[in-house]
Every structure is written in structure tokens, then in C-alpha cells.
Amino acid sequence: MEGRERVEAALALGLGDRPPVGAWGHTYREEWSPADLAAITVMHAKPDVSAEAIGVIREYFDGPVGVYAESGDWAAPNWVFNGLSPDEYLVEAGSWVSDGAQIIGGCCGVGPEHIRVLAERLARP
């Protein structure tokens, strides 16, 4: 990577794809080498698919993995944030850590209270 800086990248991956295909239609290996990536994160996904997504990423990448799940639903023309409570999100996040995620955050519907609970109570490996 001489002359190139390490970048943090989030890749949108289809779970049915092997190897995973990004939103641009190429496998991530056609765009990046694993040495180029600081981490791969699962973002804007339902909490219940995040564990499977971590498994898919682990088939192709051994670096840090993160999850930024959403908590709500789209009801045109707006998001409805009726998803997991902070305590429920904490339970989900604990399972992602057990599955190998090292970076945990939140996407749509995950607010400051969710993040506070994670920061205060999520077990560190």
C-alpha cells in the first residue's frame, strides 16, 4: 500500500452473494484488497440479519467487523422509529460481539439513549 492511506470503508453486501457483491456490482476484492480496508461494517440492516452478515463477511475478510443496525420501518413518506428499545438493542449487540463484531453503532431509529446504554453496559471482549 505504498503511497496509499488506509481507509475505513463500509461495503453494502448482498447476503445471498458469494463472494459478496457491492452496490456497484463488483465483488469487493475487485475494488479493494483486504489490506486496503480498515474494517467492513454491516449498516442500515435489520438487527436479526446482522449475525448472518458477520458470517458472510468472515468468509472473505479477517479484519475488524462492525454493525450499525437500524431500528424501525419505512412507511412512506417517513421512517417510523418503532423498533428495539435501548435494552433490546443491547441484547442484539451482545450477540454481534459474540459473533465477532468489534465495532458497534446504530443507524436509523437508533438514538443517543441506545448508544449510551451500549457505551455503559456492552460487555467488552
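Key figures
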{"read-out": "Interchain or long-range residues, amide H under 5 Å from M43's placed H", "value": "Y68"}
{"read-out": "The stretch 86-91 - phi-based ³J(HN,Hα) in whole Hz, Karplus 6.51/-1.76/1.60, Gly and Pro as x", "value": "x, 5, 5, 5, 4, 4"}
{"read-out": "Cα gyration tensor of the stretch 43-121 - equivalent ellipsoid semi-axes, whole Å, descending", "value": "22, 15, 9"}
{"read-out": "Residues with amide H under 5 Å from that of I104, placed H, sequence gap 5 or more", "value": "V67"}
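A short reminder: the numbers here are calculations on the coordinates, not readings from a lab. Computed from a prediction, not measured in an experiment: that's the story for all the values here.
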